[in-house]
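**Student:** Take this structure, written in structure tokens, and hold onto it; I'll ask about it next.
The values are calculated or read from the model by the stated rules, or taken from the named source; none is laboratory data. All values reported here derive from a predicted model rather than from experimental measurement. Here the Cβ positions follow ideal geometry from the backbone for every residue, glycine too, while neighbour counts run over all protein chains shown.
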Amino acid sequence: MARWPAVSIALFLVFLLFGPLAGAALADEGAPSDSPTLPGVIALSAANSTTEPFTPSVTTDPLIPDPYFYSGGVRYSFLPDGGDCSSLLNCAVSSTPIQSAIDSAASGLTPDDGTIYVEGGMYAEDIVVNTLNNLTLKGSANGNPSTLNGLVNVLNSSNITLRDFIFGNVVRVSDSSYVTMQGTPTDDTITVTLQGSVQNLSVDGGAGSDAVTLNMDASSATVSVADSGAGSGDSLTVNATNGNDQVRLTTGTVSINGDQTINTSGIESQTINTGAGDDTLTLAGTFGDVDVNGGAGTMTISAESHVVAPGGQVSINSDGTLQVFS
């Protein structure tokens with residue numbers, strides 16, 4: 001019969017008695033200490049852990065976008081239908097998460113930096129910003145594109161900024177001032193309808209080849225349309241009223257009826273649709289490509305000074321009568 005050395009037997013017994021304890025001690029030694037948590041986020045305790053590997057939540061999922069803002073250093077989250085608030089404090093679920101965030105800000109829960117962050121995703125809801133001041137809605141908060149497919153209404157408000165959104169529908173600005181719209185790094189299509197008195201509206205497509213359309217239904221307006229990006233092929237379409245319009249097109253400016261002024265820069269081509277009615281078009285200055293389209297009435301055209309279109313052309317079309325005076 002084989003004999004085991006006394007030292008081997010002793011080591012074997014020590015391993016049997018103390019091995020599991022030593023392994024547990026090593027596991028505890030490698031465990032992290034209390035980890036910091038963001039405001040408004042519930043930290044999971046060890047009691048909630050499982051043997052499955054931990055996978056952090058990914059905020060880039062476009063199916064569950066998450067508008068949020070911080071107020072008093074605390075995060076407030078607004079999830080769409082199907083969202084899960086179980087791991088978030090100060091969280092609400094609704095079919096209109098962006099509007100819920102705006103309403104919360106309007107009720108006195110002021111964002112610390114004046115900004116509601118909207119993560120990437122497709123948003124079908126209509127949005128109303130009413131009687132608010134100093135508020136920014138920032139899309140693509142997690143790097144993914146944020147698309148607004150519903151109507152966006154800004155009324156009776158001041159210092160409102162909409163930036164980094166893809167606008168799939170019309171933005172209506174009514175009786176508001178200092179409203180700023182900034183596009184995305186890609187090609188943007190931005191359509192704005194102006195109503196009432198709109199002062200200091202600014203639209204900048206940014207990078208890419210951008211198309212901006214202005215529906216000028218306002219009683220008075222001052223608008224700046226610029227393109228600060230490096231792309232070419234940026235265009236502006238101005239739709240005047242269906243009444244009798246007086247349109248004056250000069251270098252860097254479009255004026256309608258003397259009370260609606262659009263200042264432009266970085267725009268390669270312009271289209272002016274004067275609509276129905278008897279319209280007067282006055283040209284003066286230097287332009288890129290310009291297309292002017294009249295309606296069924298009479299369009300009277302005059303030139304205040306020499307008209308130059310370097311590298312482009314001025315094209316005038318009318319469905320009615322065309323009268324030209326130099």
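**Student:** Hey, can you tell me all the residues within the range 253-281 that are touching a Ser or Thr at 6+ places or on another chain (Cβ under 9 Å), free of Cβ contacts under 8 Å to residues at least 24 places away in the same chain and of a type outside the set (V, I, T)?
**Tutor:** S255, N257
**Student:** Further question on the same structure: For the range 61-116, name all the residues that are in contact (Cβ under 8 Å) with a residue 24 or more places away in the chain, under 17 Å from I160 (Cβ atoms) and in a loop (DSSP other than H, G, I, E, B).
**Tutor:** Those that are in contact (Cβ under 8 Å) with a residue 24 or more places away in the chain, under 17 Å from I160 (Cβ atoms) and in a loop (DSSP other than H, G, I, E, B): P67, T110, P111, D113.
**Student:** Considering every residue within the range 272-294, establish whether at least one is at pLDDT 90 or above, polar (S, T, N, Q) and surrounded by fewer than 16 Cβ atoms within 10 Å (Cβ to Cβ).
**Tutor:** Taking every residue of the range 272-294 in turn, none turns out to be at pLDDT 90 or above, polar (S, T, N, Q) and surrounded by fewer than 16 Cβ atoms within 10 Å (Cβ to Cβ).
**Student:** In addition: Being surrounded by 19 or more Cβ atoms within 10 Å (Cβ to Cβ) and in contact with a Leu (Cβ under 7 Å, 6 or more places away or on another chain) is the filter; apply it to the range 77-102 and report the residue that is farthest from G120 (Cα to Cα).
**Tutor:** For the range 77-102, the residue satisfying everything is C91.
**Student:** Exactly one of these conditions fails for A230: (1) in a loop (DSSP other than H, G, I, E, B); (2) of a type in the set (A, V, I, L, M, F, W, C); (3) at pLDDT 95 or above. Give me its number.
**Tutor:** Failing condition for A230: (3).
**Student:** Here is a follow-up. Can you report the number of residues in the range 230-247 which are over 20 Å from S174 (Cα atoms), touching a Gly at 6+ places or on another chain (Cβ under 8 Å) and buried (at least 19 other Cβ atoms within 10 Å of the Cβ)?
**Tutor:** Summing the residues that are over 20 Å from S174 (Cα atoms), touching a Gly at 6+ places or on another chain (Cβ under 8 Å) and buried (at least 19 other Cβ atoms within 10 Å of the Cβ) in the range 230-247 gives 2.
**Student:** Of all residues in the range 121-140, which are buried (at least 21 other Cβ atoms within 10 Å of the Cβ) and part of a loop (DSSP other than H, G, I, E, B)?
**Tutor:** Result: G139, single match.
**Student:** Right, next: If G108 satisfies every condition in (1) within 12 Å of the chain's Cα centre (by Cα); (2) of a type in the set (G, A, S); (3) under 18 Å from Y68 (Cα atoms) but one, which is the exception?
**Tutor:** With (1) within 12 Å of the chain's Cα centre (by Cα); (2) of a type in the set (G, A, S); (3) under 18 Å from Y68 (Cα atoms) applied to G108, the lone miss is (1).
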